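Written out below as structure tokens is the structure these notes cover.
Since every read-out is calculated from the coordinates, none of them should be taken as a lab result. Quick caveat: nothing in here was measured; it's all calculated off a predicted structure. Please note: Cβ atoms are built from the backbone with ideal geometry, for glycine as well, and neighbour counts cover all protein chains shown.
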Amino acid sequence: MKNQIDNKSLYYEHQGSNTIYYSYSTPVAIKTPIDTYVCENVWSITTAKHLNRIEELTGSNREYRMRYKDFQELLKNKIM
């Protein structure tokens, strides 16, 4: 079940030991017990704000955002 963050179109849900963050219905970040993986912004200004908020909540660094292609592969391996 997705939980809303800040009354915006930003959500998260727990899947096992991972937390998946969504902008609208698109997965944009994964927090594992070891690290947080945030995708680079290839979407809208609103999603850019969501990515910044996820980094604020998780303490991750914008400099380490993943390339979209790499994030999709990680997503496939971690939750699918």
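Among the residues of the range 24-50, those identified as surrounded by 15 or more Cβ atoms within 10 Å (Cβ to Cβ) and in contact with a strand residue (DSSP E or B) (Cβ under 6 Å, 6 or more places away or on another chain) are Pro27, Val28, Ala29, Ile30, Lys31, Tyr37, Val38, Cys39, Thr47, His50. Total residues in the range 51-66 satisfying the condition of being surrounded by 17 or more Cβ atoms within 10 Å (Cβ to Cβ) and in a loop (DSSP other than H, G, I, E, B): the figure is 2.
Of the residues making up the range 7-54, those that are aliphatic (A, V, I, L, M) and touching a residue at least 24 places away in the same chain (Cβ under 8 Å) are Leu10, Ile20, Val28, Ala29, Ile30, Val38, Val42, Leu51, Ile54. Going residue by residue through the range 67-79, is there one that turns out to be in contact with a Gly (Cβ under 9 Å, 6 or more places away or on another chain), surrounded by 11 or more Cβ atoms within 10 Å (Cβ to Cβ) and of a type in the set (A, V, I, L, M)? Within the range 67-79, one or more residues are in contact with a Gly (Cβ under 9 Å, 6 or more places away or on another chain), surrounded by 11 or more Cβ atoms within 10 Å (Cβ to Cβ) and of a type in the set (A, V, I, L, M).
Only strands (runs of 3 or more DSSP E) wholly contained in the range 6-46 count here; list those with 1 or more residues that are farther than 18 Å from Tyr64 by Cα.
Values: elements: 10-15, 18-23, 26-31, 36-38.
In the range 6-46, 10-15, 18-23, 26-31 are the strands (runs of 3 or more DSSP E) which contain 1 or more residues that are farther than 18 Å from Tyr64 by Cα.
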